[in-house]
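Shown next, in structure tokens, is the structure this report addresses.
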Ligand SMILES: Nc1ncnc2c1ncn2[C@@H]1O[C@H](COP(=O)(O)OP(=O)(O)OP(=O)(O)O)[C@@H](O)[C@H]1O
């Protein structure tokens with residue numbers, strides 16, 4: 001659906017050139033939710049704005065649905081933009097227009113008849129869950145409701161691609177979740193390809209199929225969300241994964257706990273996929289003469305299944321511990337001995 005090849009953007013300024021995006025190569029299948037994560041200044045906003053040419057690339061190609069967007073004339077670009085909708089962090093609504101009138105606006109521009117417009121606006125209001133708020137003004141809406149208007153407006157002309165520029169960054173965690181659920185719903189119902197940029201790993205974890213990690217204008221790592229979570233390669237990716245999986249402070253606390261044990265082993269168990277549950281722990285305790293104590297853990301859900309880490313202290317004779325470890329290794333859980341206390 002989308003193929004980005006050798007994309008570069010250099011901003012020229014009096015204090016020198018700034019390379020905001022450098023040699024990007026990304027390909028995104030139709031119907032996918034693709035996340036781009038990076039810290040401030042990594043080049044995410046520039047990238048997303050290059051996709052609909054709100055920014056002109058310095059070089060490279062952006063092919064959307066077999067069409068190289070970078071080569072389109074102004075007229076053709078206007079047409080193409082109907083297929084590439086966008087939602088924004090600060091919603092960009094028209095404050096003097098009601099919900100209904102905001103959503104109707106792109107339809108007016110596309111010269112859709114009044115009767116069809118009204119029908120389409122009704123459908124969209126229902127789709128985004130704003131029934132009953134049609135005649136409110138943006139100032140009378142909560143942040144989440146404003147973003148719902150933004151989404152309805154973006155979908156008005158049946159786009160093929162939805163670009164989301166930090167669409168949940170101004171919202172509280174609960175509202176963020178409800179907007180992310182709505183994006184998944186739209187993705188599934190309409191088969192829309194979604195590209196979102198964010199600095200929050202939670203957003204990637206919750207709804208994305210694939211992720212690209214950006215740093216200093218480049219993509220430093222990309223792949224299936226689950227793979228990237230489980231085996232982050234770059235330091236920046238590890239920092240993002242730590243946002244969700246616990247951080248170094250917890251690891252430090254762990255070494256304190258470990259030092260309180262004078263025998264046994266401390267194991268780190270990596271759970272992947274559907275079988276992720278704690279039955280394994282009770283199973284080990286039943287099968288082998290060992291005591292298992294959970295020290296720390298975090299199991300979380302992604303679009304591609306559950307994954308997470310449990311850190312446990314296991315105590316008993318060294319043969320029993322060895323057998324228990326061997327048993328765990330036979331399951332889909334990866335085991336790592338983080339400290340051998342005995
Ligand atoms: N119009 C511009 N002129 C000059 N430099 C720019 C311009 N827009 C962005 N930049 C620079 O390009 C780099 C990437 O900026 P960009 O806004 O794309 O990053 P970002 O990852 O989206 O960060 P943020 O989340 O803070 O917006 C930064 O160094 C920024 O200062």
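Readers should treat all values here as calculations from the given coordinates under stated rules, not as data from a laboratory. Keep in mind that what you see is a predicted model, and the values were worked out from it rather than measured. FYI the Cβ positions are ideal-geometry reconstructions off the backbone, even for glycines, and counts take in every protein chain you see.
Numerical summary
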quantity: Extension reserve of the residue 131-residue 3 stretch, reckoned as 0.36 nm per residue once the Cα distance is removed; calculated: 42.4 nm
quantity: Inter-label distance for residue 331 and residue 224, nm, one decimal - labels placed 7 Å from Cα along Cα-to-Cβ; calculated: 2.1 nm
quantity: Computed label-point distance, nm, for sites residue 233 and residue 18 using a 7 Å Cα→Cβ extension; calculated: 2.9 nm
quantity: Over the chain: helical MRE at 222 nm, DSSP H runs n ≥ 4 each giving -39500 (n - 2.57), nearest 500; calculated: -11500 deg cm²/dmol
quantity: Cβ-Cβ FRET estimate between residue 76 and residue 317, R0 fixed at 51 Å, reported to 0.05; calculated: 0.10
quantity: Alpha-carbon Rg/Rh ratio, for the range 108-178, with Rh computed the Kirkwood way; calculated: 0.98
quantity: Overall Cα dimensions of the range 36-160 - principal axes, largest extent first, Å; calculated: 47, 36, 23
quantity: Rg/Rg_globular for the chain, with Rg_globular taken as 2.2 N^0.38 Å and Rg from C-alpha atoms; calculated: 1.21
quantity: Distance between modelled label sites at residue 285 and residue 115, nm, 7 Å Cα→Cβ extension; calculated: 7.0 nm
quantity: Sequence ranges 313-320, 82-89, 136-143, 175-182, ranked by mean other-Cβ count within 10 angstrom, highest first; calculated: 82-89, 175-182, 313-320, 136-143
quantity: Per-residue Cβ neighbour rank within 10 angstrom, fewest leading, 270, 326; calculated: 326, 270
quantity: Calculated Rg and Dmax of the range 194-245 using C-alpha coordinates, Å; calculated: 9.9, 27
quantity: Percent RCO, i.e. relative contact order, over the range 124-195, from Cα pairs under 8 Å lying at least 6 residues apart; calculated: 34 percent
quantity: Scattering curve values for the range 99-228, log₁₀ I(q)/I(0), Debye with Cα scatterers, q = 0.10, 0.16 Å⁻¹; calculated: -0.36, -0.84
quantity: Using a Förster distance of 22 Å, the FRET efficiency for residue 139-residue 175 (Cβ separation, nearest 0.05); calculated: 0.80
quantity: Extension gain, residue 11 back to residue 270 (0.36 nm per residue minus Cα-Cα distance, nm); calculated: 88.9 nm
quantity: The chain: relative contact order as a whole-number percent, Cα under 8 Å and 6+ apart; calculated: 18 percent
